[in-house]
Amino acid sequence: IQSRGAEHDSTAFKHTKLYKWLEENAEKLKDAGFYFIGDSAYALKSFLLTPYDNAVHGTDEDNYNFFHSASRICVECTFGEIDLRWGILWRPLKFSLGHNIKVVDATMRLHNFIVDYRLAHQVRSDMDELERNLFDDDCRRFLATEMNVGSFGVVGGENEVRRDADGNISRGGRPRIRDSELTKMGKRIRDALRDKIRSGGHVRPPTNWFRNNNRFMGS
C-alpha cells in the first residue's frame, strides 16, 4: 500500500501498477476502443473517461454525463449491495491487513455466487427495493435543501492536484508532457462519444423519477 488513508483517489490510483500499465499502453487501448469510465474524483485520460465539469442541463455535455453515469451505476449498486448484505462491512475492519483482504475477497466471491444463482433461477432480491428506498431518501434530502437543481454540475473530473514524490501538494511546475498528451487524447475521445450520442438522438429523459412522482421531503 503506497497511499495514505486520506490520499485523494486520483493520486492513489496513479501510484498503482495498473495505472502505469495503462499509461504505457494508452495508444494500443485507444486504437482498440478500450477505456474505463470513472467519476469526477479522477482526472480525464485517454484510458479513463470522466464526466464534463459544470455541464448545463439540456446540453450535449449534460446528455453525455447522464449516459456516463448510467453506465457506472451498476458498479455503484454492486458495492452498495455487498455492503448492505454483509454485516461485517458495516463497521471498520480491525483485523490484520492480510485478514482484511481475505474478508473482502470472501464477501465479493459470495456475492458473485448469489448473483449467479439469482440470474440462473430468476430469483428477485429484496435488495432492489431496499436500494431504491435508500436512493429515494437521499434525493429527498437533497431537494429539501437545494431546489435549484438545474444549476448544479459535476465538478472535479478535468484536473487533479499535482503532488511531489513524497505525496505533498506541488508548489508549482508544469504537468508531465505525457500527462498532458493523455488528457488531450481523453478529451478527443470524450468529445467523439458526446457527438455520437447527439447524432443518435439520445438525450437525458425529460422527466426524472422525483418530478414524475412528486416526491419531496415531507410529502
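The values are calculated or read from the model by the stated rules, or taken from the named source; none is laboratory data. Fair warning: this is a prediction, and the values are worked out from it, not measured in the lab. Don't worry about glycine lacking a Cβ; one is built from the backbone with ideal geometry, like all the others, and counts go over all protein chains shown. SASA here: full protein model, heavy atoms, side chains in, ligands and nucleic acids out. Shrake-Rupley method; radii C 1.70, N 1.55, O 1.52, S 1.80 Å.
Which value, in Å², gives the accessible area per residue of the stretch 27-89 when a 1.4 Å probe is used on the protein heavy atoms?
50 Å²
Per-residue counts of other Cβ atoms within 10 Å, averaged by peptide: what ranking do you get for 114-123, 15-24, highest first?
Top of the packing list down: 15-24, 114-123.
Please give the contour-minus-distance gain from Leu89 to Ser69: 0.36 nm per residue of separation, less the Cα-Cα distance, rounded to one decimal in nm.
Here the segment from Leu89 to Ser69 would lengthen by 4.7 nm.
Send over the semi-axes of the stretch 5-94's equivalent ellipsoid, whole angstrom and largest first, taken as the square roots of 5 times the C-alpha gyration tensor eigenvalues.
That gives 26, 21, 13 Å for the three semi-axes.
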